[in-house]
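Only one structure is covered here, and it is reproduced in the block below.
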Amino acid sequence: MEIRLLRSEDSTAVSEIIRRCLREINSRDYPEEIIGRMCEYFSPERIMQLAEARQMFVAVDDGTVVGTVSRDGNKVFTMFVQPQGISRGVGRRLMGHIETLAANEGYEYMETGASITAHGFYQRLGYLDVRTSETEFGFNYILRKTLRSRPTVS
């Protein structure tokens, strides 16, 4: 599996991964109305706008985009993995990649907002609850993880 920066031709695949996760996984924890708004938000065009505002990465396996994560400094955004790829280490690899980048840039911690659905995933990676918040997309956990210096990513 390769982790690389998002390319414009990846935007449709990333949008589809996010929308599938929202409909198939997050819909267990959030009402249909919120899922619908989130699906509208994550259009291919919006993915490209987000990629211009922050670093957006994709995990590619055998030529297929299987996951995505983005970051702005030490803040994590938009972490999604194809539903059939969940529990196969894709999310862990994506998070490790951006944590290493942030640590090498001198950040002491990573912070993320997590849905009810993703809360346990981040806790398993060592993220600790800081607070909760309400967003336009519903209830959200804010979590933080202390970083340690790591070898440079090539």
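Derivation of every value follows stated rules applied to the coordinates shown; laboratory data play no part. Everything numeric in this text was worked out from a predicted model, so none of it was measured. All Cβ positions, glycine included, derive from the backbone under ideal geometry; neighbour counts span all protein chains shown.
Just a few scattered comments:
- Residue order for 12, 78, 112, 135, fewest other beta carbons within 10 angstrom first, comes to 135, 12, 78, 112.
- The chain, helix-only ellipticity at 222 nm - DSSP H runs n ≥ 4, -39,500 (n - 2.57), divided by all residues, nearest 500: -11000 deg cm²/dmol
- Note: relative contact order over the chain, using C-alpha pairs below 8 Å and six or more positions apart, is 22 percent.
- Between the range 17-44 and the range 49-95, the Cα center-to-center distance that results, in Å: 16
- Fewest-first sequence of 15, 43, 8 by Cβ atoms within 10 Å of each Cβ: 8, 43, 15
- Listed candidates (1) 1.11; (2) 1.00; (3) 0.94 - label of the one calculated as Rg/Rh (Cα atoms, Kirkwood Rh): (3)
- Selected from 16, 105, 134 as most flexible by GNM, with the chain as the system and alpha-carbon contacts under 10 Å: 134
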